[in-house]
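Heads up: the structure comes next, in structure tokens.
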Amino acid sequence: MKTHLSRRRLLIGGSLAATGALFGLSASGASPPAPAAPRRSAYAFTLTEAQWQARLTPAQYNVLRRAGTERPYSSPLNREHRHGTFACAGCALPVFSSNTKFESGTGWPSFWAPLADAVDEDRDTTLGMARTEVHCHRCGGHLGHVFEDGPRPTGLRYCMNGVAMTFTPA
């Protein structure tokens, strides 16, 4: 009976681990690093992988260069309410104005529109669903995703990883 319980626990534990891996979960609550994939052949701001790793913190590298996700409610930028500009943490390109920031209740900084020519969007089919990925126009860094459940005037919710951005007050 003891062997049977151990085997059952092993099977259940393996099933749970496989399910977690399938849905991109980890012990830290952040998604595991995905393979870095350039979205287009050339960006105005480029570095080698070694240079990116030296420039960014491990969390920034995971999100910006490996399309990871920070834990919800973990970024101080989620609670940033001053007037100013949010920029890509990889290359400092201004990407969002505080004028378009709103409280979405999702745990990530959310905006209803990016600045002009600041972001690009691509189809993302990871985790078994179709989403629209948002990345920096200048360096290609992964910023987050955009959804069609935001406020007026656009009806969009740019759900961004705070670790992928910096904030400069006006």
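The values are calculated or read from the model by the stated rules, or taken from the named source; none is laboratory data. Just so it is clear, the structure is predicted and the values come from calculations on it, not from any experiment. Cβ coordinates were reconstructed from backbone atoms using ideal geometry, including for glycine residues, and neighbour counts include every protein chain displayed.
Quick one: in region 132-170, which of the residues that are of a type in the set (Val, Ile, Thr) and within 17 Å of Leu77 (Cα to Cα) is nearest to the chain's Cα centre (by Cα)? Selected residue: Val163. Looking across Thr100, Thr46, Thr57, one residue alone is surrounded by 16 or more Cβ atoms within 10 Å (Cβ to Cβ), under 20 Å from the mean Cα position of the chain (by Cα) and at pLDDT 50 or above. It is Thr100.
Going through region 151-170 one residue at a time, which ones are in contact (Cβ under 8 Å) with a residue 60 or more places away in the chain and surrounded by fewer than 20 Cβ atoms within 10 Å (Cβ to Cβ)? Passing the criteria: Thr166, Phe167, Thr168, Pro169, Ala170.
Can you give me the number of residues within region 132-150 that are surrounded by 15 or more Cβ atoms within 10 Å (Cβ to Cβ) and part of a loop (DSSP other than H, G, I, E, B)? So the answer is 6. Residues in region 146-156: is at least one touching a helix residue (DSSP H, G or I) at 6+ places or on another chain (Cβ under 9 Å) and within 19 Å of Gly107 (Cα to Cα)? No; the residues of region 146-156 include none that is touching a helix residue (DSSP H, G or I) at 6+ places or on another chain (Cβ under 9 Å) and within 19 Å of Gly107 (Cα to Cα).
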